[in-house]
Amino acid sequence: MFMRLFKLIPLAGAIWLLGIWPAQAEYDVSQTYTGQIGTLPIVAEFSVAESGEVTGRYFYHRYRKDIALTGSQLGDGGFKLYENKSIESNKNGPWIKLMPTTEKGFTGQWNDAKGKTLKVTLTIAAVPQENNGNHETPYLQTLIKENLYDYLRLHNAPLNMENEQQFMGYGFRWLKEPVSGIRMFELTSGYPQDVMIRVNLLLKERLWREVVDYHSCMFGGLLSSAGQADFTQTVKPTYFSSSVISASVFTEFYCGGAHPDFADSPINMDVKTGNQLALEDVLWLGKGEPVYYNQQGNDDTGFEEFSAYRSHVFAPWLVAKLKALYPKQMKASDECDYSTVEYWEFVNWHFTEKGLYFSPSFPRVARSCEYPTWSILPYRDIKAHAGHFKTQ
């Protein structure tokens, strides 16, 4: 059941459910600080467990990459913290000793194994007033309250403009966040100006969310026994029209858990409203009003109805259609049994020029069977059972 639900959960939530960000789940971040190590500005945050164990991280403004901190709280309220798991490797790496100040900050010393020392000063972080005005989005404003540490990393962070391209008669260009390497496109021509402004703001929001996911994954890897992580993402536009923008956002990630993983978390955007479309908005086979999965993860009394619809109505219908269109590919084999109805209950999907693309959800031992290249349902079948959203 989990791997089927994985298709309906945003990537960050799915990674958290996999249990590969244990530090964030276990500890309650209490405070964010700004200050200096030597003469270099930094941002830091710490979390203290009831046992006195401390976990945290900091980054230099110049680099914006996390350095993990693990250690313990001292009897006088200070911390002794080792960088990037060096506490588990004979304590050979740099370490920091901090003492609380009367201003609710910290002062202390950074040390390395060669005897080099630098003064450390930290004060409670304040929300910066100035910004470059180019990259602020509602999502970044929510980070001020929800995660000031990540907001300060992204505040005034540069975005590099890359090459412009054409796709299906519309112009777009790539934006790249240089530290993470995360890329996202923005529209440049083919749509009314007000539409492009609204859509580009939402696309930029998605870019910043992916950057936050990247750093969270890297931090999880630093705290793991492996001490490493990987987060590689590829964005590919798949369909542009006057009514919809669709793109594949495929991520391969390893965040320090038991094994690496991968997932596509596509963009299927209603151009008119800017809303992310659910499959039931586009294709509805049931009776009456569509039922939806609550992606926010709240108590959803309608989930049983939604699951029953996907299991008993949608999946059998889709499998029958795909068997008629692709009999050779759908034929059961030892490697990939695409004829199993259960695998098509909770699908990954996006728009293409020829129709809707669907990917099934296989058990973990057969995950390599996911994302076949051929499983596209033509628009004639979609239009015969269109939901509230009418594809043009």
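The values are calculated or read from the model by the stated rules, or taken from the named source; none is laboratory data. Bear in mind that the values here come from a model prediction, so they are computed numbers and not experimental data. Every residue, glycine among them, receives a Cβ derived from its backbone with ideal geometry; neighbour counts consider all protein chains shown. Calculation scope for accessible area: heavy atoms of the full protein, side chains included, ligands and nucleic acids excluded. Shrake-Rupley method; radii C 1.70, N 1.55, O 1.52, S 1.80 Å.
Every helix of 4 or more DSSP H residues in the chain counts as -39500 (n - 2.57), and over all residues that averages to -6500 deg cm²/dmol at 222 nm. Segment K354..S72, full-extension length gain: 95.7 nm, with 0.36 nm per residue of separation and the alpha-carbon distance subtracted. Taken per residue, the accessible surface of the chain reaches 48 Å², heavy atoms only and a 1.4 Å probe. Charge tally around F253: other residues with Cβ under 9 Å, Lys/Arg +1 each, Asp/Glu -1 each, net -4. Per the 1.4 Å probe, what fraction of the accessible area of the chain, in percent, lies on carbon and sulfur atoms? The nonpolar share, carbon plus sulfur, comes to 51 percent. If a spin label sat at a point 7 angstrom from the Cα of L201 along the line to its beta carbon, the backbone N atoms of segment 136-161 nearer than 13 Å would be those of 136-141. Descending by average beta-carbon neighbour count within 10 Å, the peptides 264-270, 99-105 line up as 264-270, 99-105, the highest first. Ranking S333, S311, S359 from most to least accessible surface, computed with a 1.4 Å probe over the protein chains only, gives S333, S311, S359.
For a quick check of understanding: with a 1.4 angstrom probe and all protein chains in place, what accessible area in square angstrom does Y343 have, to the nearest ten? Here the residue's solvent-accessible area equals roughly 50 Å².
Projected label points at K236 and E335, each 7 Å from Cα along the beta carbon direction, are separated by 1.8 nanometres.
In percent, what relative contact order does segment 163-313 have, based on Cα pairs under 8 Å that are 6 or more apart in sequence? Spell out each step's value before the answer.
Working: 231 pairs, mean separation 20.6, N = 151.
Averaging sequence separation for qualifying contacts and normalising by length gives 14 percent for segment 163-313.
Would you kindly state how much longer the chain becomes between F262 and N111 on full extension, computed as 0.36 nm times their sequence separation minus their alpha carbon distance, in nm to one decimal? Could the numbers behind the result be given before it?
Values: separation 151, 0.36 × 151 = 54.36 nm, distance 3.85 nm.
Extending this stretch completely gives an extra 50.5 nm.
Using 0.36 nm per residue and subtracting the Cα-Cα separation, the extra length available between Y326 and Q166 on full extension is 54.5 nm. Entry note, the chain: relative contact order of 12 percent, from Cα contacts under 8 Å with a spacing of 6+ residues.
FRET efficiency for the pair E304 and E130, taken as 1/(1 + (r/R0)^6) with r the Cβ-Cβ distance and R0 = 56 Å, rounds to 0.65.
How high is the relative contact order of segment 233-392? Use alpha-carbon pairs under 8 Å, at least six apart in sequence, and give a whole percent.
On the way: 246 pairs, mean separation 34.0, N = 160.
About 21 percent, as a whole number.
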